[in-house]
Amino acid sequence: EGAGLGSSDSGGSGFSLAATALPERRRPGGGRPRYEVVRELGAEEVRWFYREDRKTWKPFIGYDSLRIELAFRALGSGAGEPAAVEPVCVRSGLYEVDVASAESYPVYWNQTEKIPVMRGQWFIDGTWQPLEEEESNLIEQEHLNRFKGQQLQESFDMEVSKPVDGKEAIHSLKLSRNHVDWHSVDEVYLYSDATTSKIARTVTQKLGFSKASSSGTRLHRGYVEEATLEDKPPQTSHIVFVVHGIGQKMDQGRIIKNTAMMRDTARKVEEKYFSNLATHVEFLPVEWRSKLTLDGDTVDSITPDKVRGLRDMLNSSAMDIMYYTSPLYRDELVKGLQQELNRLYSLFCSRNPEFEEKGGKVSIVSHSLGCVITYDIMTGWNPVRLYEQLLQKEEEEELEDRWMSYEEQRLLEELYITKQRLREIEERLHELKASTISKPPVLKFKVENFFCMGSPLAVFLALRGIRPGTSGSQDHILPRTICNRLLNIFHPTDPVAYRLEPLILKHYSNISPVQIHWYNTANPLPYEHMKPSFLNPSKEPTSAPDPESASAAPSPTTSPVMVRRHYGESITNIGKASILGAASIGKGLGGMLFSRFGRSSSTPQTMETGKDGPEGDEKKATTVGTPPLPHSSSGFLEPTVELEHRIDFELREGLVESRYWSAVTSHTAYWSSLDIALFLLTFMYKQDQGETDKSNLDSV
């Protein structure tokens, strides 16, 4: 339904009624007398529409339509010259309408295509689509000239379908290729005079006339539902910034389209599960890549022509990982995203002053490499500091390790002491500055949830030297003071995604990720009540273990996977380059991204039918010989530390996905997934609302 609250949103604009022809207009409160006098249309009877992607016209909700119409009337009321009219904020504040140019445009992002808006006065029976404005104005003018002041009898007795063939027309109006007949004040029909003409054909297709030539199409004056200011969207209580991976250079509009898909999907989920709540989660795209120059088009100019199509696909992940690991461009990427996040937040707060006052929350959904950059912004991670620490360590070792002359040793010690002194002075200077100037926080908001989708973050952290600890806290990789909750979502065959949990507690490499509930599962078990299930321990490791790690618990590289109900393999056993695997194998970029396609499963996949949903999963977990505790390969029991909160969440695969096809498409399959939309909203609404007694919420 478009990217906003256009059609069947809060309060519904009556568009859902389009399938049935309604005998009379619904008047809120029903306080209208049965008999009326024909007069000019009231602002509430007019309905404004917008059209995106050259599709059909969609009605604005009552609140928006009424405000556009009032601005339109103000525009026309200027004596002689048109009055300057402020743009009207519509569709939950995501767009503005310029009434003078009859166009709408987004507030928070740039879009080359303007969205036309249209004033509807006369409507097609049944579909309630508006007649084109020009024709509509002519018919309206004619109607008022002929019938103004006359009594109008609204038919309440289902007369709509009564044929008018035998009835004489009392008035007629010729249009360019159609004509309109009035059989009575409120029985108006449009007839096509040239069915074969191009215009009539397109009009017929657009408006869905049944038999335009023979029987004509009934028209209604005024929309099926009157616009009221009460028909307005709920207040936004939570905003979600949607951050793209890179590779957006080829198609800057993609993150905007992807966010629109995610927003629409979330709207459907809100209507089904959260319609009782008076608040609302808004999704805003963070398009930060197009503002950056990076290498200009140098990389493009050195790409051979023949492989350009394939490269474009690979570049969306591989190329940008190269950019991000380049010291030349890393800072530019980080600053670009940080500035865009802060710009959007400030803009949103300036347009919604009550958001901060009422304790509005902010979450971030990042995709692919966007997860790594977002993480680095939140934590302030800097490779230069890491490099300095390594250099310092090397200097110290150099002093101890090799034989040198007395003079060389003396000079090296002097250099070492001088560098130490320099560092101390720099630190004191830094502290002094910090005490006088309080440095603004990197982000202007606290992050409530950080959702990673198809994220290579874990492999970056492993290559930076992060190793599993002994505490089950998220703080080990992302302190709760910076971000309340970290959640890592992936499709089982996404070639770019890695697990995070084994970086916190090593034995989680042998525990399967939490399965994300299907959108239509009845009464699913709440995520916090789902017990960890172990991966099947009987399968052979898929690769020879590293000598260094032979005594350690299996990493997800070698983690055997549970017998799965669906085709395809778990992310935990495709190829070698998985978490803790990539670090020890030390493969290059190519290996990291592509070795995961390199082999077929060592045991045939079985199709298991059975009960879906949580109970089915529990049965499945116990039928494959679950050990009471995960064993390490050295024979000792692992400590039974559990994670405070689960972090890795896996989408359930479709039943007939081919493994190779889904590996290509799965990396972008997140945007329109109803399962993911429900998952995101479940966590956000749970925090926003606290406990609620609504039973359909408990089931989420």
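The values are calculated or read from the model by the stated rules, or taken from the named source; none is laboratory data. All values reported here derive from a predicted model rather than from experimental measurement. We place every Cβ from the backbone using ideal geometry, glycine too, and count neighbours over all the protein chains shown. With ligands, DNA and RNA removed, areas are computed over all heavy atoms of the protein, side chains included. Shrake-Rupley method; radii C 1.70, N 1.55, O 1.52, S 1.80 Å.
Residue-wise test of (1) among the basic types (Lys, Arg); (2) out of contact with any Pro (no Cβ under 8 Å at 6 or more places or on another chain).
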| site | (1), (2) |
| --- | --- |
| ILE321 | no, no |
| GLU340 | no, yes |
| GLU357 | no, yes |
| LEU386 | no, yes |
| LYS393 | yes, yes |
| GLU407 | no, yes |
| LEU415 | no, yes |
I'm checking my understanding of the structure. Among residues of the stretch 475-503 that are surrounded by fewer than 20 Cβ atoms within 10 Å (Cβ to Cβ) and under 28 Å from TRP518 (Cβ atoms), which one is farthest from the chain's Cα centre (by Cα)? ASN484
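Residues are listed down the side, and each one gets a yes or a no for (1) among the aromatic types (Phe, Trp, Tyr); (2) at pLDDT below 85; (3) not assigned by the TED database to the domain that holds LYS114:
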residue	(1), (2), (3)
GLY42	no, no, no
ARG47	no, no, no
ARG51	no, no, no
TYR63	yes, no, no
ARG67	no, no, no
ALA71	no, no, no
ALA74	no, no, no
GLY78	no, yes, no
VAL88	no, no, no
Check off (1) among the aromatic types (Phe, Trp, Tyr); (2) at pLDDT below 90; (3) in a helix (DSSP H, G or I) for TYR519 and give me the number that stays unchecked. (3)
Is it true that ILE139 is farther than 29 Å from LYS174 by Cα and either open to solvent by less than 10 Å² (accessible area, probe 1.4 Å) or aromatic (Phe, Trp, Tyr) (or both)? no
Looking at the stretch 106-116, is at least one residue part of a loop (DSSP other than H, G, I, E, B), in the same structural domain as VAL188 (by the TED database) and within 15 Å of ARG47 (Cα to Cα)? no
Just wondering, is there one or more residues in the stretch 360-370 that are open to solvent by 20 Å² or more (accessible area, probe 1.4 Å), modelled with pLDDT of 80 or more and farther than 30 Å from ARG464 by Cα? yes
Contacts under 7 angstrom Cβ, first residue in the stretch 450-463 being free of Cβ contacts under 8 Å to residues at least 12 places away in the same chain, partner open to solvent by 10 Å² or more (accessible area, probe 1.4 Å), 6 or more apart: none
Among the listed residues LYS358, LYS433, identify the single one that is under 39 Å from the mean Cα position of the chain (by Cα), more than 20 Å from VAL107 (Cα to Cα) and either of a type in the set (D, E, K, R) or not assigned by the TED database to the domain that holds ILE239 (or both). LYS358
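A quick yes/no check of all residues on (1) open to solvent by less than 40 Å² (accessible area, probe 1.4 Å); (2) under 22 Å from GLU225 (Cβ atoms):
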position: LYS58; (1), (2): yes, yes
position: LEU66; (1), (2): yes, yes
position: PHE72; (1), (2): no, yes
position: VAL85; (1), (2): no, no
position: VAL97; (1), (2): yes, yes
position: ASN110; (1), (2): no, no
position: ARG119; (1), (2): yes, yes
position: LEU131; (1), (2): yes, yes
Residue selected from the stretch 317-337 under the condition within 15 Å of MET378 (Cβ to Cβ) and surrounded by 19 or more Cβ atoms within 10 Å (Cβ to Cβ), by the criterion modelled with the highest pLDDT: LEU337
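Conditions tested, residue by residue: (1) assigned to a helix (DSSP H, G or I); (2) open to solvent by less than 70 Å² (accessible area, probe 1.4 Å); (3) in contact with a Cys (Cβ under 7 Å, 6 or more places away or on another chain); (4) closer than 23 Å to PHE241 by Cβ.
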residue: LYS257; (1), (2), (3), (4): yes, no, no, yes
residue: ARG263; (1), (2), (3), (4): yes, yes, no, yes
residue: LEU277; (1), (2), (3), (4): no, yes, no, yes
residue: LYS291; (1), (2), (3), (4): no, no, no, yes
residue: VAL299; (1), (2), (3), (4): yes, yes, no, no
When you check GLU414 against the structure, is it free of Cβ contacts under 8 Å to residues at least 12 places away in the same chain, assigned to a helix (DSSP H, G or I), farther than 27 Å from MET453 by Cα and not assigned by the TED database to the domain that holds ILE477, yes or no? yes
For residues that are assigned to a loop (DSSP other than H, G, I, E, B) and either more than 23 Å from TYR670 (Cα to Cα) or in contact with a Lys or Arg (Cβ under 8 Å, 6 or more places away or on another chain) (or both), tally how many sit in the stretch 446-463. 1
Here's a check for you: in the stretch 109-121, which residue that is modelled with pLDDT under 95 and in contact with a helix residue (DSSP H, G or I) (Cβ under 8 Å, 6 or more places away or on another chain) is farthest from TYR191 (Cα to Cα)? TRP109
Here's a check for you: in the stretch 395-438, which residue that is at pLDDT below 75 and of a type in the set (D, E, K, R) is surrounded by the fewest Cβ atoms within 10 Å (Cβ to Cβ)? GLU400
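Residue by residue, here is whether (1) crowded, with 23+ Cβ neighbours inside 10 Å; (2) charged (D, E, K, R); (3) assigned to a loop (DSSP other than H, G, I, E, B); (4) in contact (Cβ under 8 Å) with a residue 24 or more places away in the chain holds:
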| residue | (1), (2), (3), (4) |
| --- | --- |
| ALA227 | yes, no, yes, yes |
| ALA266 | yes, no, no, yes |
| GLU271 | no, yes, no, yes |
| HIS280 | no, no, no, yes |
When residues of the stretch 464-502 are filtered for being part of a loop (DSSP other than H, G, I, E, B) and among the polar types (S, T, N, Q), how many remain? 5
Given (1) part of a loop (DSSP other than H, G, I, E, B); (2) farther than 28 Å from GLU356 by Cα, where does LEU443 come up short, assuming only one miss? (2)
